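S.K.: This is the structure I want to talk about, given as structure tokens.
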Amino acid sequence: MYPHCHSLAWDTLESSGRGTVYSFVMPRHPQFPFFDDDYIVGLIELEEGTRLVSNVVDVAPGEARIGMAVVVRFDEFDDGVVLPVFTPATQ
């Protein structure tokens, strides 16, 4: 629901795949066998204004920062599931 007018209408928009880390956490327990020991779950704000939750990959946990520029990458997991993850953007 759109918070300003409470509309339930929706549409699609092609995203650039670029954004910034709005917030992030590094879960510690319970450990899931399909994730690496240290992983980052980020709230990513896309250039288009939409925010979504995804993993931030290819960055050491101590190097993750709010405001860090990221780009989308699509990773395939078990059973052919493809999910978006975000990697640091190269400047």
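S.K.: For region 40-83, give the percent of accessible area contributed by carbon and sulfur heavy atoms, probe 1.4 Å, rounded to a whole number.
M.R.: Answer for region 40-83: carbon and sulfur cover 54 percent of the accessible area.
S.K.: Could you report the chain's accessible area per residue, 1.4 Å probe, as an integer in Å²?
M.R.: 75 Å²
S.K.: Let me ask another. Please work out the FRET efficiency for the pair VAL57 and LEU13, using the Cβ-Cβ distance as r and a Förster radius of 30 Å; give the result to the nearest 0.05.
M.R.: Efficiency at R0 = 30 Å is approximately 0.80.
S.K.: Over the chain, what relative contact order in percent results from Cα pairs under 8 Å that are six or more residues apart?
M.R.: Computed value for the chain: 26 percent relative contact order.
S.K.: Further question on the same structure: Per residue, what volume in Å³ does the convex hull of the Cα atoms of the chain enclose?
M.R.: 143 Å³
S.K.: Taking a ≥ b ≥ c as the square roots of the eigenvalues of the Cα gyration tensor of region 44-91, is the shape rounded (a/c under 1.5), prolate (a/b larger than b/c) or oblate?
M.R.: oblate
The values are calculated or read from the model by the stated rules, or taken from the named source; none is laboratory data. Note that the structure is predicted; figures quoted are calculated from it, not measured. Here the Cβ is made from the backbone with ideal geometry for all residues, glycine too, and neighbour counts use every protein chain on show. The area values use the complete protein model at the heavy-atom level, side chains included, leaving out ligands, DNA and RNA. Shrake-Rupley method; radii C 1.70, N 1.55, O 1.52, S 1.80 Å.
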